[in-house]
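Notes follow the structure.
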Protein chains: 2
Amino acid sequence: MPPDPFFAGEGLDRADHLRADPAAIDTLRRRDDARELVWENGAPQVDESGCLLWQAVTSDAPLFLGLKDGAPRFSSLPDGKVPIDARAHFALLNLLDAAEAPIFAAALSLANWHRRHGFCSVCGEATLPNRGGWSRECGACGNEHYPRTDPVVIMLAEYDGKLLLGRSHHYPPGRYSALAGFVEPGETIEAAVAREIREEAGIEVADVRYLASQPWPFPSSLMIGAHARAVSDSLTIDMNELDDARWFSRDDVVRALAGGDGAAFQAPPRSAIARTLLEAWVDGLK
Amino acid sequence: MPPDPFFAGEGLDRADHLRADPAAIDTLRRRDDARELVWENGAPQVDESGCLLWQAVTSDAPLFLGLKDGAPRFSSLPDGKVPIDARAHFALLNLLDAAEAPIFAAALSLANWHRRHGFCSVCGEATLPNRGGWSRECGACGNEHYPRTDPVVIMLAEYDGKLLLGRSHHYPPGRYSALAGFVEPGETIEAAVAREIREEAGIEVADVRYLASQPWPFPSSLMIGAHARAVSDSLTIDMNELDDARWFSRDDVVRALAGGDGAAFQAPPRSAIARTLLEAWVDGLK
């Protein structure tokens with residue numbers, strides 16, 4: 001079984017060919033079976049069974065998310081003035097059904113992007129949503145802007161059967177997870193993995209291998225999971241970036257994934273691809 | 001040997017820890033061994049042997065690219081009014097030494113981003129370069145904006161020993177290459193591969209596998225190369241997206257990579273990761 005991250009399900013039929021046809025989208029919006037996501041506190045809402053909440057379409061120009069078994073699915077554009085409460089959003093992830101996760105990710109990523117792109121970065125004038133919400137167009141200079149997706153590498157470095165995990169300053173007590181960082185302009189995935197481990201932990205790696213990917217809508221990343229072989233275990237930790245980084249044995253990781261007392265660290269939650277990578281490593285997929 | 005794309009070399013030591021220290025960057029800029037890239041027609045210039053051209057630092061606030069054997073390397077910010085001549089840039093790639101390619105990619109991607117981000121997308125006011133050119137900050141609302149890197153999937157779909165390749169409308173005569181498209185918000189790499197092949201060629205795929213990646217500075221993408229197994233060879237081509245798409249045998253691909261008369265198609269140039277993917281496929285790396 002290849003790794004199966006939380007946000008990696010099938011999602012909606014995005015029906016991309018309809019986006020360029022405003023009349024077709026307007027017809028879909030008026031259909032009886034059209035639904036729109038319910039938002040609260042800046043995020044799509046989830047019921048007690050973990051399903052997304054939908055309502056009849058009320059927005060004039062909602063985002064067109066796609067089709068579910070042929071039925072149109074939209075999302076309103078949430079009020080840009082609602083402050084983002086990341087803690088509340090993470091709490092939603094504990095409840096969210098995995099089958100709904102890709103829809104949640106698409107809607108929240110898109111909304112996060114619209115929220116920060118009301119103006120044209122080329123000329124400074126106001127932009128308006130276009131293509132059913134999959135772009136924004138400048139009313140002054142005409143430039144079209146597309147949603148931004150930031151590639152992030154997240155990786156397990158291994159040395160002599162032990163894994164390197166670290167703590168960011170904002171982690172809950174006891175949490176350790178995979179090191180991560182943004183892919184920069186001019187870099188490959190493999191170069192970004194090597195650079196981030198060098199910067200944060202002071203070690204060189206070889207044999208970087210891709211494992212799995214998933215979207216991460218905080219605000220709008222593509223998490224690219226990898227494994228790397230470290231050439232030494234002598235750490236020099238960048239304390240600006242990390243609280244701590246340590247080597248953990250396979251047994252430490254097994255017990256952390258099982259949870260409970262006596263675990264060497266608190267594993268990342270099921271929604272984080274870091275957990276998927278740890279599970280795959282324990283299962284021998286490296 | 002794993003695939004080795006053209007833009008995937010070592011590049012500079014990015015010395016990321018210096019970016020947040022304007023005084024340190026200013027000291028580097030004034031050093032005798034500091035150099036700045038020479039730009040012309042909106043791109044870094046290349047000499048006859050394929051090396052990047054460097055000169056003494058003349059800009060007051062150049063982009064800090066990093067260190068080469070400890071010596072500071074900068075790039076000026078090219079004039080935003082120079083029109084981009086993609087054809088001239090592609091011609092440079094034919095000349096460029098592979099060892100210089102990652103530096104060329106970083107400098108051109110960053111410049112392309114600065115060129116289109118003079119204004120704050122959150123409030124519409126002017127932004128200024130920050131962190132040695134690795135971000136821009138809004139003078140009005142204080143939001144910091146980071147360079148954008150757009151993940152793009154590019155993939156070989158295989159059925160019964162044949163590869164699916166397509167022609168975009170802007171390709172030179174005879175050129176066929178791997179299908180490609182942007183990863184959208186809410187998608188995994190694997191889902192984007194499957195969706196693009198479905199949209200452009202009307203077929204379903206399974207077993208998507210990552211092969212290699214490289215930056216592509218036109219304007220600022222991360223190309224993510226993959227292989228997918230098609231479940232049928234019956235094509236429905238989206239003529240809005242493609243001129244044509246066809247199945248090619250291993251022998252067709254071998255002869256196209258060798259070039260010359262009698263080849264079934266014109267293969268992509270060495271700078272394109274599509275060519276690396278084709279070479280890897282012929283070599284049996286799938």
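No lab work stands behind these numbers, since they all come straight from the coordinates. In this text the structure is predicted, and so the values were computed from the model without any measurement. No Cβ is skipped: glycine too gets one built from the backbone with ideal geometry, and neighbour counts run over all protein chains shown.
Cβ screening of chain A for cysteine pairs under 4.7 Å finds these without a partner: A:C51.
Above 33 angstrom, tally the Cα pairs of chain A and express them as a % of all pairs, no decimals.
On the way: 12526 of 40755 pairs.
Of all Cα-Cα pairs in chain A, 31 percent lie more than 33 Å apart.
Modelled this way, with points 7 Å down the Cα-to-C-beta line, the labels at B:D26 and A:T27 are 6.3 nm from one another.
Looking at region A:27-108, what % of its DSSP beta bridges pair antiparallel, to the nearest 5? Kindly include the intermediate steps, with their values, before the conclusion.
On the way: 10 of 13 bridges.
Close to 75 percent.
When all alpha carbon pairs of region B:50-125 are counted in 5 Å bins from zero, the resulting P(r) reads 3, 12, 21, 24, 20, 11, 5, 3, 1 %.
Translational diffusion of the protein assembly as shown, estimated by Stokes-Einstein from the Kirkwood radius over alpha carbon pairs at 20 °C in a medium of 1.002 mPa s, is 86 µm² per second.
In deg cm²/dmol and to the nearest 500, what is the mean residue ellipticity at 222 nm of the protein assembly as shown if only DSSP H runs of at least 4 residues count, each as -39500 (n - 2.57), divided by the residue total?
Numbers: 12 runs with 130 residues, N = 572.
Calculated mean residue ellipticity at 222 nm is -7000 deg cm²/dmol.
Note on region B:87-166 and region A:26-47: Cα centroid distance 34 Å, given to the nearest whole angstrom. The alpha carbon radius of gyration of region B:1-158, expressed as a multiple of 2.2 N^0.38 Å, is 1.10. Ordered by the count of other Cβ atoms within 10 Å of each Cβ, fewest first, B:H145, A:H227, B:H17 give B:H17, B:H145, A:H227.
Please report, ordered by residue number, every helix of chain B (full DSSP H runs) that is 30 Å or longer along its axis going by C-alpha atoms and whose mean Kyte-Doolittle hydropathy reaches -0.5.
Numbers: long enough: none.
Long hydrophobic helices here: none detected.
Normalised by the number of residues in chain A, the mean separation of alpha-carbon contacts (under 8 Å, six or more apart) gives a relative contact order of 19 percent. Note on region A:32-93: semi-axes of the ellipsoid equivalent to its C-alpha gyration tensor, largest first and rounded to whole Å, are 21, 15, 8. Centre-to-centre separation between the Cα atoms of region B:223-243 and those of region A:197-249: 34 Å.
What order do you get for B:S232, B:S271 when you list them from fewest to most C-beta neighbours inside 10 Å?
On the way: B:S232 11, B:S271 22.
The order, fewest Cβ neighbours first, is B:S232, B:S271.
Here's how it looks for A:E40: its modeled amide H is under 5 Å from those of A:Q45, which are all 5 or more places away or on a different chain.
For region B:150-282, the fraction of C-alpha pairs more than 17 angstrom apart is 55%.
So for region A:34-134, averaging the separation of alpha carbon pairs under 8 Å that are six or more residues apart and normalising by length, what relative contact order in percent results?
On the way: 133 pairs, mean separation 29.5, N = 101.
Taking the mean separation of contacting Cα pairs over the length of region A:34-134, I get 29 percent.
Normalised by residue number, the volume inside the convex hull of the Cα atoms of region A:1-66 is 140 Å³ per residue.
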